[in-house]
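Working notes for the structure below.
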Ligand SMILES: [Zn+2]
Ligand SMILES: [Zn+2]
């Protein structure tokens, strides 16, 4: 008996492109400040000084110093680039503050 190829086919180039487009669109909405903050402050964690490159840049997040997600001054004065570990630390330490002001991350 002949072996049949598996029914699951790999993503075509077009499907892959479509997926990437969707992901980009989702990210660009409301996350433009991240791009700006990364440009302003560089790809480096403000706390531990860890430097990032394109392949692990997703581990670097933007923290709002005053906890207000909507406070996004163009000069970047309310932003701090923190790696996810320092960011977590920052938030667990000021849990009460976040609770009162509203967390700037979606959990
Ligand atoms: Zn860090
Ligand atoms: Zn934060």
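Roughly speaking, what % of Cα-Cα pairs in the range 31-101 are separated by over 17 Å, rounded to a whole number?
Working: 989 of 2485 pairs.
Cα-Cα pairs in the range 31-101 separated by more than 17 Å: 40 percent.
Given R₀ = 25 Å, FRET efficiency for residue 55-residue 7 by Cβ-Cβ distance, to 0.05?
Working: r = 33 Å, r/R0 = 1.32.
FRET efficiency, residue 55 to residue 7: 0.15.
Pull out the extension gain between residue 88 and residue 14, defined as 0.36 nm times the separation in residues minus the alpha carbon to alpha carbon distance; nm, one decimal. Intermediate values should be presented prior to the final figure.
Values: separation 74, 0.36 × 74 = 26.64 nm, distance 3.73 nm.
Here the answer is 22.9 nm.
Each value in this text was obtained by applying a stated rule to the coordinates, not by laboratory testing. Here the structure is a predicted model, which means the values were calculated and not measured. Because the Cβ atoms are built from the backbone with ideal geometry, glycine has one as well, and the counts that use them run over all protein chains shown.
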